[in-house]
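Visitor: Questions regarding the structure given below will be posed in turn.
The values are calculated or read from the model by the stated rules, or taken from the named source; none is laboratory data. Quick caveat: nothing in here was measured; it's all calculated off a predicted structure. Positions of Cβ are backbone-derived with ideal geometry, glycine not excepted, and every protein chain shown enters the neighbour counts.
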Amino acid sequence: MIKDTWSVDGKILVKDNQDQVHVVNTMAAFMEFCSLHCYPGTMDVLGRLELQARDRRLEIESRQAPKDKLIIYAESEAAKKSEQNPSRSTRFNHSSGFRSTTRKQPKSNNTKFIVETRQQSVEILGISFILLVLQILLILGSIETNPGPSDYEASPESSINSKDLSNFYDLFSKSLSFLHLKIQSLAPKIDLIAAEYEEFDILAFTESWLNSSHTDDSINLLNIHSPFRRDRGPQKLGGEVVVYVKNNLNVRRRPDLEIDELEAIWLELKVQNKNIVFGTFYIPPNSGHETWDKVETSLDMALNDNKDNIIVSGDFNENQLNISNSKVKALLNQFSLTQMIDEPTHFTENSTSLIDLIMTSNVNEISYCCVGPPLTDQIRYHCPVIGFLNFLKTPLKAFKRKIWLYDEGDYDLFRNTRSEADWDTIIASDSEDEVTENITNTILPAAAISIPNKIITVRKSSPVWLKNDVKK
């Protein structure tokens, strides 16, 4: 796997997990590197959640810690010198303690301008190539060994310590979890979803962009009920809602709570003798009063159903960081709901906003909520919102697992199959989603015919050491 990547003098350099540096300026060199060093995949969502929580703690500690007097003095001295000599800017580096100086450069002549322009062109090409590298690595990340569900067995004495956020693996293994993400085209990302989010019990996606051409079989996930879908239809682009639920949970759809022309799905789950109604909403931008009136009606019907708890997630396209005349806030007050997310979920080049929400009628049944890391690295992106319920996870008695027999792979065939692909056509589109789908449809079939794979059923009652060769 890749540990680091950078460019020097127009060369794109990549460091593998053995700290060996490789030059990958050409597609052939990059493919060679991928075939030798890029499986199994990259850090999973749990590891990134832990890193994110650690970074938040460090940020809070740094804000709370008083500045050292020497640092304050150094900063004041640097400011004075900068004012005295505006052509020479001085900065004090906190991490290393030295001053770095930048001088104004004289105007360049024509020759220097041409050289600098060529260097900038090389750098731009390098950045574009690295973006392609990252896209392909994201897909290769789904071809990985599968550890399977946690071995944790629920017991009445078990408790969920929601305050200890240093280990998300414990939270996932002990409590029911759910996630909402504005996915913006689900079909080309289904393998990445399977790899990143397999630990979650409920997955809710908005802007799935599905239609009748996407069958349930084409978007199924292992160990999951058939997807609950709300598609717009072949003539309408965008939108749509889809929800996945682990097949060890008792769930049924509640169409009686759903309203025509409102993109929402209601499910009822029975968990430890309690009935929970789980709703997922997508509210298009700049929706008028008619849409919000339907949201109000749908929530009213769900709350009058007399269930133990109502949980609502989704993309409401109303920034809760600026809540003047907020329609969401009015609904919260009207129905005595609590909105659990308090940090941005949507990021662009110039702005951040909180539009992906989790609302509940009973905060005591939600042990923890957070904003997770984005599924893919983009300039504009949505982060998932995640919640953990105060209910112990029901262990799977048996689950299906797709395994890849890497030791038996024919990697010459893998390389040859990839080299025969028309990569110029594959990456020619201006649409990032289309390029991602094209790359997925090229690499995964090549892996499937080159690396033996199969779906097996794992039964939790069997000891780990009791494998097929032992049974024989």
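Visitor: Does Asn275 meet the test of being assigned by TED's automatic domain parsing to the domain that holds Thr345, over 17 Å from Lys182 (Cα atoms) and loosely packed, with under 14 Cβ neighbours inside 10 Å? Break it down into steps so the answer makes sense when it comes.
Guide: Values: assigned by TED's automatic domain parsing to the domain that holds Thr345: yes; over 17 Å from Lys182 (Cα atoms): yes; loosely packed, with under 14 Cβ neighbours inside 10 Å: no.
So Asn275 does not fit the description; no.
Visitor: Taking segment 305-331, which residues are among the hydrophobic types (A, V, I, L, M, F, W, C) and buried (at least 16 other Cβ atoms within 10 Å of the Cβ)?
Guide: Residues satisfying the conditions are Ile310, Ile311, Val312, Phe316, Val328, Leu331.
Visitor: Glu268 fails exactly one of the following numbered conditions: (1) in contact (Cβ under 8 Å) with a residue 40 or more places away in the chain; (2) surrounded by 15 or more Cβ atoms within 10 Å (Cβ to Cβ). What is the number of that condition?
Guide: So Glu268 meets the others, but not (1).
Visitor: Looking only at residues that are more than 17 Å from Ile202 (Cα to Cα) and hydroxyl-bearing (Ser, Thr, Tyr) in segment 368-396, which one is nearest to the chain's Cα centre (by Cα)?
Guide: Across segment 368-396, the extreme among qualifying residues is Thr376.
Visitor: So, one more: Might you let me know whether segment 415-438 holds any residue that is more than 23 Å from the chain's Cα centre (by Cα) and closer than 22 Å to Asn220 by Cβ?
Guide: no
Visitor: Could you say which residue among Ser361, Ser351 is over 21 Å from Phe281 (Cα atoms), hydroxyl-bearing (Ser, Thr, Tyr) and over 13 Å from the mean Cα position of the chain (by Cα)? Steps first, answer last, please.
Guide: On the way: Ser361 fails: over 21 Å from Phe281 (Cα atoms).
When all the criteria are applied, what remains is Ser351.
Visitor: List pairs: first residue in segment 249-262 and under 16 Å from Leu299 (Cβ atoms), second residue among the aromatic types (Phe, Trp, Tyr) anywhere in the structure, Cβ distance under 6 angstrom, at least six positions apart or on different chains.
Guide: Every condition considered, the pairs that remain are Arg254/Trp266; Leu257/Trp266; Glu258/Trp266.
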